[in-house]
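Worksheet for the structure shown next.
The values are calculated or read from the model by the stated rules, or taken from the named source; none is laboratory data. Remember, predicted model here, so these are calculated numbers, not experimental data. For neighbour counting, all protein chains shown are included, and Cβ atoms are generated from backbone atoms with ideal geometry for every residue, glycine included.
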Amino acid sequence: MSNRSKQSSSKGPDKGAFPLDHFHECDNEAKQYNQCIQKHENMPKRCRKYQVDYLQCRMNNGLMEKEDLSKLGLGPETSWETEEQEKQFLFDKINRMKTKAMEEVQKKTEQSKQQV
């Protein structure tokens with residue numbers, strides 16, 4: 001059996017294809033982001049501002065559909081300046097979830113006592 005008959009079906013990107021920047025409208029933003037990534041040893045969270053700037057440039061120049069940045073994973077709840085802020089955010093979120101779960105357990109316990 002030849003390799004040609006074993007063609008794999010590939011799936012396109014979730015957001016579809018988007019045009020290349022043939023006219024270099026967003027070169028400056030791309031360059032700033034790449035410099036930041038190199039400076040911070042490939043840690044993209046440290047370059048969030050440049051990610052946003054680049055995507056905004058692409059949207060403003062019709063190189064991609066306008067989209068809410070939070071749908072692209074760049075909303076305010078993920079825009080921490082430091083890893084410490086991210087850890088604190090996650091710690092607080094876990095504590096809120098635990099508190100809510102305990103309240104639900106307590107509520108169900110009280111309901112079952114009233115039924116007896």
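If you check S10, S5, which single one turns out to be more than 30 Å from Q85 (Cβ to Cβ), at pLDDT below 85 and assigned to a loop (DSSP other than H, G, I, E, B)? Spell out how you get there, then give the answer.
Numbers: S5 fails: assigned to a loop (DSSP other than H, G, I, E, B).
Within the list S10, S5, the selection yields S10.
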Legend entry - the range 50-65 - residue that is buried (at least 17 other Cβ atoms within 10 Å of the Cβ) and in a loop (DSSP other than H, G, I, E, B) and, of those, farthest from the chain's Cα centre (by Cα): L63
Legend entry - The lone exception for H24 - which of (1) surrounded by 10 or more Cβ atoms within 10 Å (Cβ to Cβ); (2) over 15 Å from the mean Cα position of the chain (by Cα); (3) at pLDDT 90 or above it fails: (1)
Inset, instruction - Looking only at the range 89-105, decide whether some residue is in a helix (DSSP H, G or I) and in contact with a Phe, Trp or Tyr (Cβ under 7 Å, 6 or more places away or on another chain). - result: yes
